[in-house]
1. State which residue is nearest to residue 19 (Cα to Cα) when the search covers only segment 161-199 and only residues that are part of a loop (DSSP other than H, G, I, E, B), without any contact (Cβ under 8 Å) to a residue 60 or more places away in the chain and out of contact with any helix residue (DSSP H, G or I) (no Cβ under 9 Å at 6 or more places or on another chain).
2. Taking the stated definitions as given, is residue 62 part of a strand (DSSP E or B), modelled with pLDDT of 95 or more and closer than 23 Å to residue 231 by Cα?
3. Among (1) touching a residue at least 24 places away in the same chain (Cβ under 8 Å); (2) over 22 Å from residue 245 (Cβ atoms); (3) assigned to a helix (DSSP H, G or I), there is one condition residue 206 misses while meeting the rest; what is its number?
4. For residue 75, all conditions in the list (1) touching a strand residue (DSSP E or B) at 6+ places or on another chain (Cβ under 6 Å); (2) within 29 Å of residue 149 (Cα to Cα) hold save one; what is the number of the exception?
5. So, of the residues in segment 9-50 that are assigned to a loop (DSSP other than H, G, I, E, B) and modelled with pLDDT of 90 or more, which turns out to be nearest to residue 251 (Cα to Cα)?
6. Might you check whether a residue that is outside any helix (DSSP H, G or I), buried (at least 18 other Cβ atoms within 10 Å of the Cβ) and under 18 Å from the mean Cα position of the chain (by Cα) occurs anywhere in segment 83-99?
7. Answer with yes or no whether residue 114 is part of a loop (DSSP other than H, G, I, E, B), at negative phi and in contact (Cβ under 8 Å) with a residue 60 or more places away in the chain.
8. Looking at this structure, is residue 152 out of contact with any strand residue (DSSP E or B) (no Cβ under 6 Å at 6 or more places or on another chain) and in contact (Cβ under 8 Å) with a residue 60 or more places away in the chain?
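The values are calculated or read from the model by the stated rules, or taken from the named source; none is laboratory data. Remember, it's a predicted structure, so these values are computed and weren't measured experimentally. Every residue, glycine as well, gets a Cβ built from its backbone with ideal geometry; the counts of neighbours run over all protein chains shown.
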């Protein structure tokens, strides 16, 4: 195996993510109300079987979420979120060779899941909840910061931008400054443009088109568009018929330099990533 330049190696707890190439992150929602798979994996053994299947299909990361962040989702108490997420994180950490990402904004969940074996904190609120910056810093884990205005309950009411890509970039740059002040260096940060969060269809399409501009921030990009409403609206497809649209965007995101693709359909996306890699590595 060729040695990786240190700048592309991201320590994630007891594992290392090589950011020289694109990775697939499998979504594991242990919530009763997520938009695409709500309730399907909320029973522990079903969640664990699904995690196992995603790792077998080639996922490098599993993103475990105990709070739905779909538009209009209800708020979950920290205890309820922890009770959903902790057993799953503990089991995956013990049984599977994969980086565990925890999709949370809750300081107590960050601290406890880090103790149980999580390797990445993935926060849709970009550590804006009270205590989140300090909690994330204390874990020593890398953090994914996502762009969102408002809260999931109201984010889609009437989002407005003059220049969506520029404003997303400015928001993420400001959060990086706040992270640095809290002791989270840039080398621990991944950035997520936040497709579908406080953005209408035209915002999402424009942001995707100009995504490369965000490379100026100097950090790897995570893209999560799997099965989202931007695909449904562009193609007029219900949530169960968005696989091909999702794969098209996965290919495009990879081509545009995204390093982590957060998806529901791991095996299919792995084929996309491997096919692109095969072409790019040809003479």
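1. Here the answer is 198.
2. yes
3. Against the list (1) touching a residue at least 24 places away in the same chain (Cβ under 8 Å); (2) over 22 Å from residue 245 (Cβ atoms); (3) assigned to a helix (DSSP H, G or I), residue 206 comes up short only on (2).
4. Unmet for residue 75, out of (1) touching a strand residue (DSSP E or B) at 6+ places or on another chain (Cβ under 6 Å); (2) within 29 Å of residue 149 (Cα to Cα): (1).
5. Filtering segment 9-50 for residues that are assigned to a loop (DSSP other than H, G, I, E, B) and modelled with pLDDT of 90 or more, the one nearest to residue 251 (Cα to Cα) comes out as 22.
6. yes
7. Judged against the criteria, residue 114 is not a match.
8. For residue 152, the condition - out of contact with any strand residue (DSSP E or B) (no Cβ under 6 Å at 6 or more places or on another chain) and in contact (Cβ under 8 Å) with a residue 60 or more places away in the chain - is met.
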